Amino acid sequence: MSSWRARFQELSRYPSAVAGGAIIMLLVLLAVYALIGLGQTRAVTLWRGGEGVWELNPRQAPPAWLNFFLKVKRPPTMLLGSASSPELKDREDFEGGDADITITFPVDFQYDEFPREVAVFMTADFKALSPHVSFTWRTPDGREYPLLGQRLRAKDAYRISQDRRVTEMFGREAHIGMFAEPGSDPPRPLKGRYELVVDGVVFEPESDFEVSFVLYGQLHGLAGTDHMRRDITVALIWGAPIAMAFGLLAAVGSTLTTLLLAAIAAWYRGWVDGLIQRLNEVFLIVPGLVVLIMVGMLYSRSIWVILGVVIFMGIFTGIRTFRAMFLQVKEAPYVEAARAYGASNPRIVFLYLVPRVIPVLVPQFVTLIPGFVFLEATLAVLGLGDPILPTWGKVLNDAFSNGALYAGHYYWVLAPASLLMFTGLGFAMLGFALDRVFNPRLREQ
Amino acid sequence: MAIGPTPARRGTGAATRSLIRVARYTATRLVAILATMVVAVYIVILIANMGGHVDVIRKAQIREGVGMFFLNNPDVQMMPAEERVALMDQIVALEEERLGLNTPFMIRSFTYLRNALTLNLGRAEQLFSDSGSRQVRLILLERLPPTLYLMFTGQILLFFTAVFTALYLSQRYASTLDRILVALAPTSAAPAWFYGIFLILIFAAVLKVMPFGGMVATPPPAETWRYALSLLKHLVLPVTAIMMGAVFQAIYFWRTFFLIFSREDYVEMAKAKGLSSRTVERRYILRPTLPAIVTAFAFMVIALWTGAIVLETVFRWPGLGRLLWQAIGLYDTPVIVGAQVIYAYLLAMTVFVLEIVYAILDPRVGVGGRSEQ
C-alpha cells in the first residue's frame with residue numbers, strides 16, 4: 001500500500017502528470033455534467049430532433065464569443081417572446097368579447113453586419129374565430145414599414161426573410177433591407193433601437209395569442225451551430241462521457257484479456273502457447289480498422305458492438321511483452337512454493353501470475369486510452385459513427401461532409417478537434433509520467 | 001603478401017555464410033508468413049460472411065438481376081403471374097447453383113479463400129476504375145500506387161528522422177532541445193489524419209500556400225517536371241501529418257533506448273579510446289540497437305497503414321484509403337472485402353520485409369532458433 005502512495009507522490013512531481021491529471025479531471029466533470037445535467041435521452045432527442053427542435057437557431061453560425069475578437073461586430077441570435085416577457089404585451093378588451101392586443105418587440109441593434117434571417121413564430125388560442133394580426137417594422141430614424149397581415153392558425157410561422165413582397169418593398173433581401181441605412185450601397189446597417197409592432201385582434205373573450213420574434217444571428221451560442229441548426233454544444237458535452245467510456249472500456253478490456261491470455265500461454269506452454277503465439281501473428285496481419293469498417297457496414301454501427309470488436313481485435317496484439325514478463329515471473333520462488341503445496345493451475349494463473357504484472361499494466365493501459373478515443377473519432381469521420389449518439393467524431397464528420405474547411409467554418413472543426421486533442425494529451429501525458437514512475441529503467445536521473 | 005589473402009578469404013567466407021543464413025531465414029519466414037496470411041484472410045472471410053451476410057447480398061443481387069431481365073422481356077411480361085413467379089424462382093435457383101451458393105458455407109468459404117488469395121475479388125456494385133472496369137481487382141490495383149507513394153515517403157522519412165534525432169539527443173541528454181522533444185512525445189497520441197485537419201486549416205485555408213488535397217493540381221500540368229513538382233507539393237502536407245502523428249513518440253522511445261545502451265561498458269570504452277562521437281554513435285550505439293528499433297518500427301508502420309485510410313480521405317488522396325471511404329458511402333461490399341484482402345497483403349509484406357531487414361541486421365538470428373555463433 002505504501003509503495004502505491006510513494007509512487008503517487010513521485011508522480012505528483014512530474015508537471016506533465018499533474019497537467020494530464022487536471023485535464024482528465026475536467027473531462028470527468030464534463031462527463032458527469034453530461035450524464036446528470038443533460039441525460040442520454042435528452043441529448044439524443046436534441047441531437048436527432050432536426051428542424052422542429054432547432055428552428056430558432058441559425059444555420060452554420062460560429063460561436064457568439066467570437067465578437068470579443070472581431071472588429072466588425074456580428075449580430076448574435078436574438079430571441080424575443082411575448083410568452084416569456086408579458087410586459088411587452090398590451091391588451092385592451094372591448095364589449096362583445098373582442099380585444100385589441102399590441103405586442104412591441106424592442107430590438108437594440110448595435111452591430112456592423114446584418115442578421116442571417118428574420119422570422120416570427122406564433123401560437124394562437126381560440127375556439128372558432130381565429131385572431132388576426134398585422135406586423136409593422138419601425139426603424140430608429142422613424143421610418144415605418146407595414147409587413148404582413150394575416151389570420152392565425154393555432155401554430156403559425158411568418159418567415160419575413162422569405163416574404164417576396166417585403167423583399168420588393170426594400171429592393172433587397174428583407175433581413176438586410178430592414179436594418180440597412182436607406183440608399184446605402186453596399187448596404188450598411190443602421191444602429192439603434194428598432195421595433196416590431198404586432199397589432200392583433202381577437203374575436204373571443206378567452207382567445208389569445210403569443211408571438212416570438214427571432215433575429216437569426218451570424219453568431220450563436222457557446223459553440224455555434226451546424227448545417228441542421230443544431231447547437232454543437234450538445235454534441236461537445238455528450239461526446240465527453242462517450243469518449244471516456246469508450247477509451248477506458250476498450251483499454252481495460254483489451255489489456256486485461258491480453259494479460260490473461262499471456263499468463264495462460266506462459267504457464268501452460270506447449271501447444272496452447274504455440275496456438276496463442278500463432279494467433280498473435282495472424283492478428284498482426286488482419287487490418288484492424290478495415291475489419292471495424294466491415295463490421296460497421298455489414299452488422300451494426302452501435303458504439304457498443306464496435307467496442308466489443310475493438311476489444312476482440314486487441315486481445316492478441318501486444319501479447320509478446322506480457323508473455324516474456326510471465327516467463328520470468330513463472331520462475332519466481334513464490335510461484336514454485338505455490339506449486340509445491342499443490343495450488344491448481346487456474347489458481348496460479350489468476351492469483352499468482354496476473355496480479356504480479358498489474359503495476360506494469362497501469363501505465364500501458366493509460367497510454368492506450370487516447371488511441372481508442374481517436375479510433376472512435378476515426379470511425380465517425382469515415383461515416384461509421386454510432387447512428388444515435390452525438391459524439392465528437394460525428395461533429396467532425398458533419399463538418400467534413402459539409403466542406404467546413406473550404407467554406408471557412410473553422411469553429412465547426414476546431415471545437416471537437418481540440419476536445420479530442422485535450423483528451424488525447426491528458427491521458428498521454430499522464431501515461432508517459434506513469435511509465436517513468438512504474439518502469440524505473442526508463443526514468444531520467 | 002603471405003599474410004594478406006588470409007583475412008580476405010575469411011571475410012568472403014563470413015559474407016557467404018551470412019548470405020546463406022539470411023537466404024535460409026528468408027525462405028522459412030516466407031512460408032510462415034504465407035501460412036499466417038492464409039489464416040488471416042480466412043478470418044476476414046469468416047467475419048465478412050458471419051451469419052451469411054454476403055450470401056444474402058449476393059442472393060438479392062441475383063434476384064434483382066433476374067427481375068431486371070424479366071422487366072425488359074415482353075414475352076415474360078405476357079405470362080400469368082403465378083407462372084412468372086415460378087419461372088423466376090427456377091432461374092434464381094439455377095443461378096444460385098451455378099454460383100455455388102447452395103453448397104454448405106464451410107466448403108464455399110474455401111472457394112472464397114482461394115479467390116481472395118488469388119485476388120479474384122469479383123465485381124464492384126457501384127464503383128468503377130478510372131479505365132471503366134468493374135473488376136474489384138483492377139479498381140484496387142489502380143489505387144495502389146498513390147497509396148504506396150504516400151506511405152513509403154512518409155515511412156522512410158519518419159524512420160530516418162526519428163533514428164537520427166534520437167541518436168543526436170541521446171548524446172545531448174537533458175539539453176533544451178531534448179527537453180522540448182520529450183515534452184512533445186504525448187502529442188503522438190493523435191493520429192496523422194487529425195494533424196492533417198490542422199495542417200489543411202493553417203496552410204491551405206488560412207495561409208493559402210498549400211493545396212487543400214489531391215495528388216496533382218487540376219488540370220494536371222503537361223510538362224513532366226511541372227507534374228513532378230506538383231506531385232511533390234501535394235505530398236508535403238500529408239507527409240508532414242504522418243510525421244507529426246508518430247515522430248515525437250518514436251524519438252522519445254528510441255532516445256530512451258539509446259540512452260540505456262550508451263551507458264554500456266563498451267561504449268564508455270570506445271569513448272575512452274578517443275573515438276569521435278559520430279563513430280561512437282553509429283558503430284557502438286546504433287549498430288547493436290538497430291534490430292530492436294526495426295521491430296518497434298514494424299509496429300508503427302502497421303499502425304500507419306490503417307491510419308492512412310482516414311489520412312487519404314482528409315487529403316482527398318486518390319489511394320486505397322479514399323477508395324475504401326467511397327465504398328463505405330456507396331455500400332459497395334465487394335470493394336470493402338477486396339480492400340481488406342489487399343491491406344492484409346500489404347501488412348504481410350511489411351512484416352516480411354522488416355523481418356528480413358532484422359535478419360540482416362542481427363547476426364544472432366538463425367533458422368529454428370539456432371544461433372550461428
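Couple of notes before you dig in:
- Top of A:SER344, A:SER212, A:SER401 by mean-square fluctuation, Gaussian network on chain A, Cα under 10 Å: A:SER344
- Relative packing of B:325-334, B:87-96, A:5-14, which averages over residues the other C-beta atoms within 10 Å, highest first: B:325-334, B:87-96, A:5-14
- Ratio Rg/Rh, restricted to region B:241-373 and using Cα atoms, in which Rh is the Kirkwood radius: 1.13
- The rule of thumb for compact globular proteins, 2.2 N^0.38 Å, goes into the C-alpha radius of gyration of region B:56-102 1.15 times.
- When chain B is treated as a GNM with alpha-carbon contacts under 10 Å, the residue of B:LEU286, B:LEU177, B:LEU259 showing the greatest mean-square fluctuation is B:LEU177.
- Sum of -39500 (n - 2.57) over DSSP H runs of 4+, divided by residues of chain B (222 nm, nearest 500): -24500 deg cm²/dmol
- From the alpha carbon centroid of region A:271-338 to that of region A:385-433 is 28 Å.
- Partner shielding of B:33-44 amounts to 4, given as the average count of beta-carbon atoms from other chains within 10 Å of each residue beta-carbon.
- Structural size metrics of region B:136-361, computed from C-alpha coordinates, are Rg and Dmax of 20.1, 66 Å.
- Taken as Cα centroids, region B:335-361 and region A:340-365 sit 35 Å apart, rounded to the nearest whole angstrom.
- Protection-proxy order for peptides A:299-306, A:257-264, each taking the mean of Cβ atoms within 10 Å per residue, highest first: A:257-264, A:299-306
- Under 5 Å, built H, 5+ apart or other chain: amide partners of A:GLY221: A:ALA64, A:THR77
- Centre separation in Å (Cα based) which lies between region B:23-84 and region A:192-243: 52 Å
- Only Cα pairs under 8 Å and 6+ residues apart enter the sum, and on that basis the relative contact order of region B:23-117 stands at 39 percent.
- For chain A, built as a Gaussian network whose Cα springs stay under 10 Å, the top-fluctuating residue of A:GLU376, A:GLU331, A:GLU195: A:GLU331
- Sorting the segments A:66-75, B:347-356 by their residues' average number of neighbouring beta-carbon atoms within 10 angstrom, most packed first, yields B:347-356, A:66-75.
- For A:LYS330, a cut-off of 15 angstrom between C-alpha atoms picks up these aspartates and glutamates, skipping any fewer than 8 places away in its own chain: A:ASP273.
- Stokes-Einstein diffusion of region A:92-220 at 4 °C, 1.567 mPa s viscosity, Kirkwood radius from Cα pairs, rounded to a whole number: 83 µm²/s.
- Span per principal axis, largest first, for the Cα atoms of the protein assembly as shown (Å): 128, 82, 74
- Straight-line cross-link partners of A:LYS394 among the aspartates and glutamates, defined as a Cα under 20 Å from its Cα and at least 8 positions apart when in the same chain: A:GLU51, A:ASP226, A:ASP231, A:GLU376, A:ASP386, B:GLU312.
- Excluding same-chain neighbours fewer than eight residues apart, the lysines reachable from A:LYS191 by a Cα-Cα span under 26 Å are A:LYS71, A:LYS73, A:LYS89.
- Sum of -39500 (n - 2.57) over DSSP H runs of 4+, divided by residues of chain A (222 nm, nearest 500): -16000 deg cm²/dmol
Computed from the coordinates by the stated procedures, all read-outs in this text should not be read as laboratory data. Please read all numbers here as calculations on a predicted model, not as lab measurements. Reconstructed Cβ throughout: ideal geometry from the backbone, glycine too, with neighbour counts over all protein chains shown.
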